[in-house]
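Every number in this text was worked out from the coordinates using simple rules, so none of it is lab data. What you see is a predicted model; the values in this text were computed from it and never measured. Don't worry about glycine lacking a Cβ; one is built from the backbone with ideal geometry, like all the others, and counts go over all protein chains shown.
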Amino acid sequence: MTAGLTVLAWGCVLGLVHIFAPAVARTLVYGATWNLGPRDAEMPPAGPLAERLARAQANFFETFPILVAAVLIVHAAGLENAWTAYGAWLWLGGRILYLPLYAFGVPVVRTLAFMASMVGLVLILGAALF
């Protein structure tokens, strides 16, 4: 399997982490009864950690579809090379670092991790566009 497709698979795993992390954080605040119920009642904010995890989740799912499309375009066109592989791994590394940095409120390094993941995307897209 190519580096890009391997990163896609690990990106899916990371997506699951992004789904469960804020849910677990909210459950710790609101309790299992809330989690098992219909969640119809308006609840107060779950606290900084749960709210940051929810924002990190939204950010991940804004960028993950772009990675999926870029990797599949490059793969289908047979344009994979060392740069696309490096870009894919850079994206994954940046996204892995981003989650705990955002969760714990680390301001500047979090942005650097995000930017590293964006550079990874550009490296992959560059193979498709140039």
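Which of V108, V119 comes first, and how do the rest follow, when ranked by fewest Cβ neighbours within 10 Å?
Least crowded to most crowded, the residues run V108, V119.
If each of A41 and L72 carries a label point 7 Å out from its Cα toward its Cβ, how far apart are those two points in nm?
4.2 nm
Please give the peptides 64-70, 90-96 ranked by average Cβ packing (other Cβ atoms within 10 Å per residue), highest first, as a rough proxy for protection.
90-96, 64-70
How much mean residue ellipticity at 222 nm does the chain get from its helices, if each DSSP H run of length 4 or more adds -39500 (n - 2.57) and you divide by all residues, to the nearest 500 deg cm²/dmol?
When only DSSP H runs of four or more count, the value is -28500 deg cm²/dmol.
Can you pull the one-decimal nm distance between simple spin-label points at F130 and C12, each 7 Å off the Cα toward Cβ?
3.2 nm
Only sites in a loop by DSSP and with at most 14 other Cβ atoms within 10 Å count here; which trypsin sites (Lys or Arg not before Pro) in the stretch 22-63 make the cut?
Passing sites in the stretch 22-63 are R39.
Please order F114, F61 by the number of other Cβ within 10 Å, starting at the fewest.
F61, F114
Give me Rg/Rg_expected for the stretch 3-129, where Rg uses Cα atoms only and Rg_expected = 2.2 N^0.38 Å with N residues.
Computed over Cα atoms of the stretch 3-129, the ratio equals 1.21.
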